[in-house]
1. Take peptides 46-54, 86-94, 62-70 and line them up by average Cβ neighbours within 10 Å, highest first, as a rough protection proxy.
2. Give the long-range amide H neighbours of VAL56: residues separated by 5 or more places, or on another chain, with amide H under 5 Å away, using H modelled in the peptide plane at 1.01 Å from N.
3. Give me the percent of the accessible area of the chain that comes from carbon and sulfur atoms, probe 1.4 Å, all protein chains in place.
4. What order do you get for 95-102, 29-36, 78-85 when each peptide is scored by the mean count of other beta carbon atoms within 10 Å, highest first?
5. Mind sorting out which of (1) 21.9, 80; (2) 16.0, 41; (3) 21.8, 77 is the real Rg and Dmax of the Cα atoms in Å computed from the coordinates?
6. Amide H to amide H, which residues 5 or more places from ALA28 or on other chains are under 5 Å from it, using H placed in the peptide plane?
7. What is the extension gain from LEU36 to GLU52, computed as 0.36 nm multiplied by their sequence separation minus the C-alpha to C-alpha distance, in nm to one decimal?
8. Using a Förster distance of 35 Å, how high is the FRET efficiency between TRP85 and THR63, based on the Cβ-Cβ distance and rounded to 0.05?
Amino acid sequence: MAYGNALSALADPTRRRVFERLKDGPHAVTEIARGLPVSRPAVSQHLKVLKEAGLVADRPVGTRRVYYIDPQGLGALRKWLDGFWDEALAAFQAEAERSAKDMQGRTDDK
């Protein structure tokens, strides 16, 4: 249940904001923390949780670490969410087809 860890990690509003800051590309902790109402060490702790959940990864760039969204971890969460979408679309299609048959039956009766 890889998506469960991801959902738990994203349940925290500050952690979500940290994660959202990475949507436009990799950033160092200092850049991520800029403008947030928490300290740089707190942002590092949030990144640690996100990394453990498989949502972010990091790499060294010079003397600092740069964090970025891990496509594999995000992919597991997306796959789980897409399952809901696929079911909803299938249910919608079935209902549309049933309604079309009902309407056709009504016009045939006239």
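The values are calculated or read from the model by the stated rules, or taken from the named source; none is laboratory data. The model shown is predicted, which means the values in this text are computed figures rather than measured ones. A quick note on method: Cβ atoms are made from the backbone with ideal geometry, for glycine too, and the neighbour counts reach across all protein chains shown. Accessible surface areas use protein heavy atoms only, side chains included; no ligands, DNA or RNA. Shrake-Rupley method; radii C 1.70, N 1.55, O 1.52, S 1.80 Å.
1. 46-54, 62-70, 86-94
2. Result for VAL56 returns LYS51, ASP70.
3. C and S fraction of accessible area: 55 percent.
4. 29-36, 78-85, 95-102
5. (1)
6. Here the answer is TYR67, since their amide H atoms fall under 5 Å of that of ALA28.
7. So the extension gain works out to 3.6 nm.
8. Given R0 = 35 Å and the Cβ-Cβ separation, E is 0.20.
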